[in-house]
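Structure record follows, encoded as structure tokens.
Every read-out reported here was derived from the displayed coordinates using simple, explicitly stated rules and does not represent laboratory data. All values reported here derive from a predicted model rather than from experimental measurement. Cβ: placed from backbone, ideal geometry, glycine included. Neighbour counts: every protein chain shown.
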């Protein structure tokens, strides 16, 4: 995933920019960067945050940065913001999104005379550099940004900074949020709306799908009006969004309470306690416990002083080990207990299987698992929300492949996505046995969507049902 933050101020913007970017650290684990523009022109800094957090890496460096305009990001992939020199002048750019047709776009650019791209260590092209190249094919920045929104398959929200201010653009169908805050000294623009509250900004506006605005210290002006179609990522509420955030006016924490309550209404098991896998499963568990009147408990405590999310390594085997090390068991709350445990989702299943075995080793009598979203059947092609390189990394898809002897297509997958079918029940039972849960029941898609309070037509559900 990733997140960004920008500031246009009548005073020095570095303090607000630094902390605004830092508040997005839950969204990425690889790179963090800032670019400011002031009397000395552009000043940029980018650091790896794989082994220490953004704030630590940038704390000393920002003492020498100054400017009245600035953008920054937490990135789970490429280094950014980038500074680009083009016929539009010099500008800095940062993006959040995913490009699925990179090769097609590169081929077109090369045929049109574009010379080269810098290759990253992964062998891939920096997606933000590709976006800049596409923008530069047009006569002005606004046409360029619109062109990017039109030709990219996937999603793309961005901030672009030049000597006149900041251009902010939300993905064409609003898969990711972009919000603007205001205070006396100027404006900010952010992925997460909670990121500016403690900095003194008040909510000013939330960009609509495809909307493009120009932001200075004096005003925020819409240059391209929003479109009608909305497909915001539902997984933002289920997992990625920080509890203090809200998207389209819907609080992440409240949605999770609602979702847990709906799960409880459909459940028949009577455990001794309800618990959530910290942190994103906790609010779902609170909602479940409140609705069911079964006591909420914390048999796991997350050790955060030295293991926040920003420290998670990129190698999956090490991520699994660190995830285990971060969870500390409270034996007195586990031994002899029947526990209903809610996690935000089951992706590969590895970590949750190990968590369940850990609970059994600590003396748990039963472990009932309740993922807060339906089985993941498709890899997301719109956002980099998972490091999975294949849909066969998804445990639900592996089980379906096994049950269908490899003869799987979208029609068959639609049967497994329907919680009222025998195929769905068989899949869930196979997953339960493979992961050694006492019982397993997923949140239903219809309940989860209702928990957001938004019209279903505005929510992206592709990873669960394959519908675009």
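So here's what we get for this one:
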item: Inter-part distance where the range 336-367 and the range 388-449 are each reduced to a Cα centre, Å; result: 19 Å
item: With 10 Å bins from 0: P(r) over the chain, alpha-carbon pairs, percent; result: 4, 20, 29, 25, 15, 6, 1
item: Sum of -39500 (n - 2.57) over DSSP H runs of 4+, divided by residues of the chain (222 nm, nearest 500); result: -8500 deg cm²/dmol
item: Mean Cβ neighbour count within 10 Å, used as a protection proxy, ranking 7-20, 45-58 highest first; result: 7-20, 45-58
item: Acute angle (nearest 10 degrees) that the helix 252-265 long axis makes with the longest principal axis of the chain, alpha-carbon atoms; result: 20 degrees
item: Between the range 1-20 and the range 180-218, the Cα center-to-center distance that results, in Å; result: 10 Å
item: Sites residue 404 and residue 455, calculated FRET efficiency, Cβ-Cβ separation with R0 22 Å, nearest 0.05; result: 0.05
item: Per-pair calculated FRET efficiency, R0 = 35 Å: residue 225 and residue 116 via Cβ, rounded to 0.05; result: 0.45
item: Protection-proxy order for peptides 165-172, 273-280, 122-129, each taking the mean of Cβ atoms within 10 Å per residue, highest first; result: 165-172, 273-280, 122-129
item: Hydrodynamic radius by Kirkwood, which averages 1/r over all alpha carbon pairs of the range 83-197, in angstrom; result: 15.1 Å
item: Per-q log10 I(q)/I(0), the range 2-230, q = 0.08, 0.13, 0.15, 0.18 Å⁻¹ (Debye; single scatterer per alpha-carbon; no solvent); result: -0.25, -0.69, -0.93, -1.38
item: Intensity falloff of the range 235-465 expressed as log10 I(q)/I(0), Debye formula with alpha-carbon point scatterers, at q = 0.13, 0.14 Å⁻¹; result: -0.77, -0.91
item: Sequence of 352, 109 once ranked by neighbouring C-beta atoms within 10 Å, starting from the fewest; result: 109, 352
item: Between the range 62-110 and the range 127-178, the alpha-carbon center distance in angstrom; result: 10 Å
item: Sites residue 217 and residue 124, calculated FRET efficiency, Cβ-Cβ separation with R0 41 Å, nearest 0.05; result: 0.65
item: Hull shadow area, averaged, the range 412-468 [alpha-carbon convex hull, nm²]; result: 4.5 nm²
item: Crossing angle, helix 102-111 versus the chain [Cα axis fit, 0-90 degrees, rounded to tens]; result: 20 degrees
item: Length added when fully stretched, residue 85-residue 40, from 0.36 nm per residue minus Cα-Cα; result: 14.6 nm
